[in-house]
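This report concerns only the one structure given below.
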Amino acid sequence: MGKFITIHSYKGGTGKSYLAANLAVIYALQGKKVCLLDMDFRAPTLQIVFEPKNVKRYINDVLNSMANVEDGLVDCSNKIEGKGTLFVGFADFSSEAIRDMISKGKKWEAEALHRILSMRKEILERLKFDVCIADTSPGIQYSSINAVVAADVAVVVSTLDDSDIAGTSKMISELYEVFQKKTVVIINKAIGGIDFKDMEKAKIVDELQNKYKEAVIGILPCFCEVGRVKRAQIFAYNYPKHPFTETMRVIAAKLDLI
Ligand SMILES: Nc1ncnc2c1ncn2[C@@H]1O[C@H](COP(=O)(O)OP(=O)(O)OP(=O)(O)O)[C@@H](O)[C@H]1O
Ligand SMILES: [Mg+2]
């Protein structure tokens, strides 16, 4: 059976959406049938990356029991020129929908958890996707926690910022460990401006692993060129030999083994 991977973080702007889209493309190019879900209902992003022409239903509709899962998935394989299979479930980015999702209470979220679990089952068992990657909102709000609960593997993206490291550690020990989730960490935007290859990589990974008590499966430096390229030009597809893409491929392979 396929795997459900949830990408989450304590703080905002760590690179979740960026890594989620690139990971999805890398897997699709390897021949996997890939589903990518925008579950950041507060600040949807994937519509900017994939520029879908015709979205009939959003993941919001699926969670509101107003649509079937397959109606909420858009074939975006054109983004990689048909070199793989990549479907994306978009989040409704209208202000009205964002306000609606923010105002949902505990009861709705508890019901939504059941719907996410059945959506996961549909995607992996009936529609037979090899991998489903969910992008989430930062922090410990219900919708993100639901996506973490549904995951086979939770990937926490953290920067090296002190407050991010402290928050991530707390979130992992207070939350992920309670759910007994398989959790891995990606450090992103590490050490801006320094050639990462010159650093004592092993030592840094060691320190971080001690801190997080979790497996750090990748460290990505801050690449200026990553920030310069438009989101719609998915980096891993357009720059397959760049160190960012190479590191993402190693991360993808490590996730395969979990
Ligand atoms: N390794 C990197 N080097 C340089 N820029 C990066 C890197 N990773 C991500 N970025 C940039 O960081 C910005 C934020 O990324 P992204 O939107 O993916 O973060 P996020 O965690 O999804 O944010 P949010 O919490 O708001 O959803 C983007 O402009 C992206 O291009
Ligand atoms: Mg995001």
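Read the figures in this text as sums done on the coordinates, not as results from a lab. Source: prediction; values computed, not measured. Virtual Cβ from ideal backbone geometry, glycine too; neighbours counted across all protein chains shown.
Laid out as a table, the results:
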item: Simple Cβ-charge dipole of segment 1-143, Lys/Arg +1 and Asp/Glu -1, about Cα centre, in debye nearest 20; result: 320 debye
item: Estimated 222 nm signal from helices in the chain, with DSSP H stretches of n ≥ 4 weighted -39500 (n - 2.57), rounded to 500; result: -11000 deg cm²/dmol
item: Sites Ala166 and Lys106, calculated FRET efficiency, Cβ-Cβ separation with R0 22 Å, nearest 0.05; result: 0.25
item: 30 Å Cα-Cα threshold exceeded, pairs from Lys53/Lys189; Lys83/Lys181; Lys83/Lys104; Lys3/Lys106; Lys104/Lys170; result: Lys53/Lys189; Lys83/Lys181; Lys83/Lys104
item: Cβ charges +1 (Lys, Arg) and -1 (Asp, Glu), total dipole of segment 3-256, debye; result: 300 debye
item: Set of aspartates and glutamates near Lys254 by C-alpha distance (under 20 Å), chain-local residues within fewer than 8 positions excluded; result: Asp130, Asp135, Asp152, Asp206, Glu207, Glu214, Glu246
item: Stretch gain in nm, segment His242-Ser94, where the contour uses 0.36 nm per residue and the Cα spacing is subtracted; result: 49.8 nm
item: Segment Ala215-Arg126, extension gain: residue separation times 0.36 nm, minus the distance between their alpha carbons; result: 28.9 nm
item: Contact order relative to length of segment 93-160, as percent, for alpha carbon pairs under 8 angstrom and 6 or more apart; result: 30 percent
item: Cα gyration tensor category, rounded, prolate or oblate, for segment 53-111 with a/c compared to 1.5; result: prolate
item: Residues listed by number, segment 77-104, amide nitrogen under 13 Å from Arg231 label point at 7 Å toward C-beta; result: 90-94
item: Hull shadow area, averaged, segment 1-87 [alpha-carbon convex hull, nm²]; result: 6.2 nm²
item: GNM top mover of Lys189, Lys16, Lys128 - the chain, alpha-carbon springs below 10 Å; result: Lys128
item: Karplus-derived HN-Hα couplings along segment 116-124 (A = 6.51, B = -1.76, C = 1.60, θ = phi - 60°), whole Hz, x at Gly and Pro; result: 5, 5, 6, 5, 4, 5, 4, 5, 7
item: Choice from Val226, Val153, Val25 with maximal GNM fluctuation in the chain (Cα, 10 Å cutoff); result: Val226
item: Extended-chain gain in nm, criterion 0.36 nm per residue less alpha-carbon gap, Ala67 and Ala43; result: 6.5 nm
item: For the chain, the fraction of alpha-carbon pairs in successive 5 Å shells from zero, as %; result: 1, 6, 14, 19, 20, 17, 13, 7, 2, 1, 0
item: The chain: angle of helix 243-256 to the longest principal axis, Cα-based, in degrees nearest 10; result: 60 degrees
